[in-house]
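The values are calculated or read from the model by the stated rules, or taken from the named source; none is laboratory data. Note that the coordinates shown come from a computational prediction; the quantities given were computed from them, not determined experimentally. FYI the Cβ positions are ideal-geometry reconstructions off the backbone, even for glycines, and counts take in every protein chain you see.
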Amino acid sequence: MSATHEMIRVINLRKKFGRLVAVDGVNLTVRKGQVIVIIGPSGSGKSTLLRCINHLEVPTEGEIWIEQQKITGSQRQLNAIRSQIGMVFQHFNLYPHLTVLENVTLAQRIVRKLSKSQAEAIAMHHLERVGIADKARSYPAQLSGGQQQRVAIARALAQDPKIMLFDEPTSALDPEMIKEVLDVMLALANEGITMVVVTHEMGFARAAADEVIFMDRGKIVERAIPEVFFNQPAHERSRAFLSQILSH
Amino acid sequence: MAVKETIEAKGQIASPPLTGTELREKIRNFPWWIVGLVGFFVLTAHLVLTRASYQEAFSFIRAGVGVTIQTTLIAYGFALILGLLTGLGRISNNVIIQNVGTLYVELIRGIPMLVLIFFIAFVGVPAGVGLLNRIGEWFSQLGLLFIAQPLLRLENSAVPMTTRAIIALSVTYGAFQAEIFRAGIQSIGRGQMEAARAQGMSYWQAMRFIILPQAIRNVLPALGNDFVSMLKDSSLVSVLAVRDITQIAKLYAGRSFQYQEAYVTLAALYLMMTVVLSAFVKWLERRVRQDERNA
Ligand SMILES: Nc1ncnc2c1ncn2[C@@H]1O[C@H](COP(=O)(O)OP(=O)(O)OP(=O)(O)O)[C@@H](O)[C@H]1O
Ligand SMILES: [Mg+2]
């Protein structure tokens, strides 16, 4: 694929919280259709990197480009750019006062200015895609965690995003619900959606990732295809992390 | 409320004869205070119906109910708007707006309400009118007469006491409600704003569609309490000679020397209004919560 298919480019990104350096000089490119899995110990800056990509955190230094558009610095187009990036959070962050259907249609209607019937048709399509169309009239509190996370994925998909960001989407779920969410994500990966996924699910990384990125202390330590990363990790710290995670 | 429900629930189950402890429990849980309240109303009604002096006091003072309710409703409406705007201002990222909001809230909280009412009526309003006159002059220099003229025509002495009273109550309660709204907004998890912004909503869209609907639902009880408090505090505007029920009762007592009749009637009227209002507020809350549950 050519450089014109570059979806995300992160240049020398640094993010400080006070004196703490959460992300320390990260460079990263993600091409169209790629699935990137980011792993690393707690506090290594994975979430912060992800949140800088759609500017939920303002970078201290460096640049973020989304499809040839620079989003750091000038922020005039920010809302428009964000509406093309779907984000799925660890704690779902569904809107509890709205029904499932309203959760999925709201942004379409007020950001993309679609009509109610258009937005609902799109919403139902994506709810079916994640296998939860029968809950369209329910409220988030009436759903299980796995169901809520699938709604959150449908909500992001309904934005017709060019990129999907996932921040530990299964970490808050009971074990028996993890699979239903991973299955949906795996299907999306196979459909060719560009995805950046922070996760501890090594099975998912092996099955879906084009590349695995290992972060530690705000830096990218290793970047490799899954076969290489899991079988012959090049770095001492990657090896230590893997042995720790796999021994569980 | 909860007490009543448990009693009802027990009443349905307890068909077998009650044991001694059950009976004692039932007596303990019974809301006797309601009996006392009803007793007070019955007693007052009895006095009003049977004694000419009470009857006279009642029909005289009753005339102020309209002013009291009107003052409260209008001032409450303005206080809600002022409170919401100030509450939003206090959590704003704009340092100036945030500080102005905080200053306003702290000023109001540090001054007794009675003093505030005098201050706003006799210092605040004249200053405000003076400012509007200035703005009028400025507009007339710009040649915008249609804006300038109504502003220039404003006169401090022409502002009625009722208006001053409403402004004073609004400004005072606006500060209280700012705190309620601020706390309500801050009680909504950060993730909600983030999810909304991540979807491309603007800050204000996220506020309007995501944060405020949840925040307001959470603070409804507090807002309801304030409504009842304001009804009571509206009695303070009698110091501005606004003819609310307190003022009328005072006038009546001073003229007829029937202090007991005047103030028993006055207290009963307030109590009646607040009891009805509280019940309405509770009903509203329960409905909202029910919506949530059915939801
Ligand atoms: N809003 C914030 N304010 C201050 N410090 C923060 C903030 N967000 C993150 N940090 C700090 O930045 C560092 C990186 O955090 P980050 O959440 O990116 O790590 P992570 O790799 O996602 O960890 P985890 O696996 O626990 O989610 C941590 O030390 C964290 O405490
Ligand atoms: Mg994280």
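Taken as a whole, the structure leaves A:Phe241 outside the set of residues that are buried (at least 19 other Cβ atoms within 10 Å of the Cβ), part of a strand (DSSP E or B) and within 13 Å of ligand 1 (Cβ to nearest atom).
For the stretch A:225-235, the criterion of being surrounded by 21 or more Cβ atoms within 10 Å (Cβ to Cβ) and free of Cβ contacts under 8 Å to residues at least 40 places away in the same chain is met by at least one residue.
The residues of the stretch B:137-191 that are under 21 Å from B:Thr102 (Cβ atoms) and polar (S, T, N, Q), listed by number, are B:Ser170, B:Thr172, B:Gln177, B:Gln186, B:Ser187. A count restricted to the stretch A:104-139 and to residues that are more than 14 Å from chain B (Cβ to nearest Cβ) and either buried (at least 21 other Cβ atoms within 10 Å of the Cβ) or in contact with a strand residue (DSSP E or B) (Cβ under 8 Å, 6 or more places away or on another chain) (or both) stands at 3. Where helices (runs of 4 or more DSSP H) fall wholly inside the stretch B:183-295, the ranges with 1 or more residues that are over 27 Å from B:His46 (Cα atoms) and within 11 Å of chain A (Cβ to nearest Cβ) are B:190-198, B:203-206, B:212-233, B:259-294. The set of residues from the stretch A:218-237 being at pLDDT below 95, within 18 Å of A:His200 (Cβ to Cβ) and either within 16 Å of ligand 2 (Cβ to nearest atom) or more than 22 Å from the chain's Cα centre (by Cα) (or both) comprises A:Pro233, A:Arg237. If you go through the stretch A:52-99 and keep only what is within 16 Å of ligand 2 (Cβ to nearest atom) and within 12 Å of chain B (Cβ to nearest Cβ), you end up with A:Ile53, A:Asn54, A:Leu56, A:Glu57, A:Met87, A:Val88, A:Phe89, A:Gln90, A:His91, A:Phe92, A:Asn93. Considered as a group, the residues in the stretch A:14-28 that are under 19 Å from the mean Cα position of the chain (by Cα) and away from ligand 2 (no atom under 16 Å from the Cβ) include one that is nearest to A:Glu191 (Cα to Cα), and that residue is A:Leu28.
Only a single criterion out of (1) at pLDDT below 95; (2) more than 16 Å from ligand 1 (Cβ to nearest atom); (3) not β-branched (Val, Ile, Thr) is not satisfied by A:Asn103, namely (1).
Within the bounds of the stretch A:196-214, is there any residue that is within 16 Å of ligand 2 (Cβ to nearest atom), more than 13 Å from the chain's Cα centre (by Cα) and part of a strand (DSSP E or B)? Checked against the condition, which is being within 16 Å of ligand 2 (Cβ to nearest atom), more than 13 Å from the chain's Cα centre (by Cα) and part of a strand (DSSP E or B), the stretch A:196-214 yields at least one hit. Here A:Arg9, A:Arg51, A:Arg31 are screened, and the one residue that is under 22 Å from A:Ser171 (Cβ atoms) and under 17 Å from the mean Cα position of the chain (by Cα) is A:Arg51. Residues in the stretch A:153-172 that are on the phi > 0 side of the Ramachandran plot and either within 16 Å of ligand 1 (Cβ to nearest atom) or within 11 Å of another protein chain (Cβ to nearest Cβ) (or both): A:Glu168 only.
B:Ala178 meets all of the listed conditions (1) at the interface with chain A (Cβ under 9 Å from one of its Cβ atoms); (2) crowded, with 23+ Cβ neighbours inside 10 Å but one, namely (1).
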